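Data block below; observations after.
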Amino acid sequence: MKDKILNLLLLLTVGLALFLSLKKSPAAQAPLADAPPLAALPAAAPTAHPLDAYRARRDQERAREQAALLAILQDAAASEEEKSRAREELLSLNERAETELAVEAALAARGDGQSLCAARRGEILVFLGRAVSETEAALLLEVARQSSGLEADHIRISAF
């Protein structure tokens, strides 16, 4: 019964609003000729660059992983083995994050602003927002090698 009354009130409100909008005088309504052209309408929000979208997802996933690992460390019911494994995973997660930030900062300092580094255990993937020559790739490989401490054969550079 309550739902029927609420639905009836909703219908009455919509009907009243429709009636009032139709009852408005034609002089008060703006003619379609005076409407702003489509170009003047606000543009839709631009979509994020794929590298930025990946970075945002990576950071969200990393925050979830850190929260889960910290919860294990703070859980009184967790065994020492579980806590030890959580500490190791948290340390590894932080090391990968530091490596990614160091490589991305070094690339940004070189002027490669649209870049992304994805560090996994013993391997780094560097994605660039533009194509590079072999000479530039060699320089970028050296920057990534120095920033990460990994050997060059464990670093991959790809233009996106």
*When GLU81 is evaluated against the numbered criteria (1) within 26 Å of the chain's Cα centre (by Cα); (2) over 17 Å from ALA159 (Cα atoms), which criterion, by number, is the only one it fails?*
(1)
*Would you please list the contacts, defined by Cβ atoms under 9 Å and residues six or more apart or on different chains, that run from a residue in segment 99-115 that is under 20 Å from ALA48 (Cβ atoms) and in contact (Cβ under 8 Å) with a residue 40 or more places away in the chain to a residue that is surrounded by 15 or more Cβ atoms within 10 Å (Cβ to Cβ) and of a type in the set (Asp, Glu)?*
SER115/GLU104
*Quick check, is ALA67 surrounded by 13 or more Cβ atoms within 10 Å (Cβ to Cβ), more than 21 Å from ALA48 (Cα to Cα), within 22 Å of the chain's Cα centre (by Cα) and not β-branched (Val, Ile, Thr)?*
no
*Just to be sure, is ALA131 out of contact with any strand residue (DSSP E or B) (no Cβ under 9 Å at 6 or more places or on another chain) and loosely packed, with under 12 Cβ neighbours inside 10 Å?*
no
*In this structure, is ARG145 more than 21 Å from ALA48 (Cβ to Cβ) and assigned to a helix (DSSP H, G or I)?*
yes
_Quick check on segment 74-127: of everything there that is of a type in the set (S, T, N, Q) and assigned to a helix (DSSP H, G or I), which residue is modelled with the lowest pLDDT?_
THR99
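The values are calculated or read from the model by the stated rules, or taken from the named source; none is laboratory data. This structure is a prediction, so every number in the text was calculated from the model and none was measured. Cβ: placed from backbone, ideal geometry, glycine included. Neighbour counts: every protein chain shown.
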